[in-house]
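Peer 1: What follows is a structure written as structure tokens; I'll ask about it next.
The values are calculated or read from the model by the stated rules, or taken from the named source; none is laboratory data. What you see is a predicted model, and the numbers here were worked out from it, not measured in a lab. Here the Cβ is made from the backbone with ideal geometry for all residues, glycine too, and neighbour counts use every protein chain on show. When the accessible area is computed, the model is the full protein with side chains, heavy atoms only, and any ligands, DNA or RNA have been set aside. Shrake-Rupley method; radii C 1.70, N 1.55, O 1.52, S 1.80 Å.
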Amino acid sequence: REVVFLDVADESIVSKSSYKKEEDPRVYKSRKTGRGPLAADWADTCEPIMTCYKMVSVEFKWWGLQTAVEALIMSYTRKAMHLMHRQLFCDTDEWYGMTMDELRKLEDETTKSLLDKRHKQLENKTDFS
């Protein structure tokens, strides 16, 4: 197992085409908590600090491709987690102070919205058969 530290303020992982100022923890400042913007040494100087562990395992059994494909999948997974946690930090004012019931409702609404988006994208694809 490998533990990977994801620094949400590190912009080196974010491509220029993916960069959004409103999702940059080095720029964002929460109105509700006063947290942010994050400095380069935020992990050593900020309190409180959240630690989140996620276990990801990948298994791709295809001789000759296994190592390369697993490494590629893990690379994309790291990037997706990094972007997601940057966005989560910059959305603090959207969820900070909510009750558990309110958070569950927000989760349900977000899930429905994402599923609707996905279904629309699938409907818009052209069938080449």
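Peer 1: Return the residue satisfying two criteria in turn: it lies in the stretch 40-94 and is over 22 Å from S15 (Cα atoms) and of a type in the set (S, T, N, Q), and of such residues it is least open to solvent (accessible area, probe 1.4 Å).
Peer 2: Step by step, filter the stretch 40-94, then rank; the result is T92.
Peer 1: Answer yes if at least one residue in the stretch 19-31 is open to solvent by 90 Å² or more (accessible area, probe 1.4 Å), at pLDDT 90 or above and outside any loop (DSSP other than H, G, I, E, B), and no otherwise.
Peer 2: Yes, the stretch 19-31 contains a residue that is open to solvent by 90 Å² or more (accessible area, probe 1.4 Å), at pLDDT 90 or above and outside any loop (DSSP other than H, G, I, E, B).
Listed here are the residues, each with its yes/no results for (1) within 29 Å of V3 (Cβ to Cβ); (2) among the charged types (D, E, K, R); (3) out of contact with any Leu (no Cβ under 8 Å at 6 or more places or on another chain).
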{"site": "A39", "(1), (2), (3)": "yes, no, yes"}
{"site": "A43", "(1), (2), (3)": "yes, no, yes"}
{"site": "V56", "(1), (2), (3)": "yes, no, yes"}
{"site": "E59", "(1), (2), (3)": "yes, yes, yes"}
{"site": "Q87", "(1), (2), (3)": "yes, no, yes"}
{"site": "D91", "(1), (2), (3)": "yes, yes, yes"}
{"site": "L103", "(1), (2), (3)": "yes, no, yes"}
{"site": "D108", "(1), (2), (3)": "no, yes, yes"}
{"site": "L122", "(1), (2), (3)": "no, no, yes"}
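Peer 1: Tell me yes or no: at least one residue of the stretch 77-86 is over 20 Å from the mean Cα position of the chain (by Cα), under 30 Å from G36 (Cα atoms), of a type outside the set (S, T, N, Q) and assigned to a helix (DSSP H, G or I).
Peer 2: As a first pass, look at the stretch 77-86 and keep what is over 20 Å from the mean Cα position of the chain (by Cα): none.
No, every residue in the stretch 77-86 fails to be over 20 Å from the mean Cα position of the chain (by Cα), under 30 Å from G36 (Cα atoms), of a type outside the set (S, T, N, Q) and assigned to a helix (DSSP H, G or I).
Peer 1: Find all pairs meeting these conditions: Cβ atoms under 6 angstrom apart; at least six residues apart or on different chains; first residue within the stretch 5-22 and under 18 Å from C46 (Cα atoms); second residue assigned to a loop (DSSP other than H, G, I, E, B) and open to solvent by 50 Å² or more (accessible area, probe 1.4 Å).
Peer 2: The qualifying pairs are A9/R26.
Peer 1: Within the stretch 3-18, is there a residue that is under 23 Å from E107 (Cα atoms) and surrounded by 12 or more Cβ atoms within 10 Å (Cβ to Cβ)?
Peer 2: yes
Peer 1: Okay, next question. Counting just the residues of the stretch 93-117 that are without any contact (Cβ under 8 Å) to a residue 60 or more places away in the chain and part of a loop (DSSP other than H, G, I, E, B), which one comes out nearest to the chain's Cα centre (by Cα)? Show your work before the answer.
Peer 2: Residues of the stretch 93-117 without any contact (Cβ under 8 Å) to a residue 60 or more places away in the chain: 94-95, 98-117.
Still in the list and also part of a loop (DSSP other than H, G, I, E, B): 98-99.
Values: M98: 20, T99: 22 Å.
Only one residue fits best here, namely M98.
Peer 1: Here's another thing I want to ask about it. Got at least one residue in the stretch 39-55 being free of Cβ contacts under 8 Å to residues at least 24 places away in the same chain, more than 22 Å from E23 (Cα to Cα), part of a helix (DSSP H, G or I) and not aromatic (F, W, Y)?
Peer 2: no
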